[in-house]
Amino acid sequence: MAQPSTFLIEALRKTADKLAKGAPYQWGHMGSCNCGNLAQEITQLSKAKIHEYALQTRFGDWSEQTSEFCPTSNLPMDIVISEMLNAGLTRTDLKHLEKLSDKQVLKRLPANNRYLMHNKRDDVVKYLRTWADLLEEQLLEKINIKNVVVPAKVLV
């Protein structure tokens, strides 16, 4: 699971908001699919540039691109993926995002609403918002644990 950070949480929420407001979405387009829209937010590259980089690098969707990822290749798509990983995502997160399949995210949805279609805009928005909420809770929990004061009696 991704490393929670305010940057990543904000990127997920901004991506969800943009999609909800009608940002270009096309699941078969590397720059405007589930991962492509998040990549736009994280890298500030256009959907066209991300798609171009993907086609220059190798064949396949985001799942295949991340499987073939090499951090030292300096291939354009590997640079995009590196930026996403530096934002706290994992390669597995990207694969799950493309298929809307992370079990930790899905189990937070109502039982009758867990079967998301990976290529349906509204389902992507729901997944991104739920994931952002999960990461925010993890971040707050992490902060609270660091700020816990142990009574002196316990330390003796």
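Bear in mind these aren't lab numbers, they're just calculated from the coordinates by the rules spelled out. Just so it is clear, the model here is predicted, and its values are computed rather than measured. A quick note on method: Cβ atoms are made from the backbone with ideal geometry, for glycine too, and the neighbour counts reach across all protein chains shown.
Highlighted here are the helices (runs of 4 or more DSSP H) found entirely within the range 1-60 that include at least 3 residues which are farther than 17 Å from His96 by Cα and in contact (Cβ under 8 Å) with a residue 60 or more places away in the chain: 6-20. Looking at the structure I just gave you, is Asn74 at positive phi and surrounded by fewer than 15 Cβ atoms within 10 Å (Cβ to Cβ)? Yes; evaluated as a whole, the condition is true for this residue. Residue by residue through the range 1-22, note down the ones that are surrounded by 17 or more Cβ atoms within 10 Å (Cβ to Cβ) and of a type in the set (A, V, I, L, M). Answer for the range 1-22, where residues must be surrounded by 17 or more Cβ atoms within 10 Å (Cβ to Cβ) and of a type in the set (A, V, I, L, M): Ala2, Leu8, Ile9, Ala11, Leu12, Ala16, Leu19. Across the range 61-76, the qualifying residues are those that are part of a helix (DSSP H, G or I) and out of contact with any Asp or Glu (no Cβ under 9 Å at 6 or more places or on another chain), and the one among them that is farthest from Trp27 (Cα to Cα) is Ser67.
Here Gln104 meets each of (1) more than 16 Å from Met1 (Cα to Cα); (2) assigned to a helix (DSSP H, G or I) with one exception, condition (1). Checking each residue of the range 79-94 against the condition of being of a type in the set (S, T, N, Q) and farther than 19 Å from Leu45 by Cα gives at least one match.
Of the residues making up the range 119-145, those that are within 12 Å of Leu19 (Cα to Cα) and part of a helix (DSSP H, G or I) are Arg121, Asp122, Asp123, Val124, Val125, Lys126, Tyr127, Leu128, Arg129. Applying the criterion of being buried (at least 17 other Cβ atoms within 10 Å of the Cβ) and farther than 20 Å from Glu10 by Cβ to the residues of the range 100-122, the residue that is nearest to the chain's Cα centre (by Cα) is Leu100.
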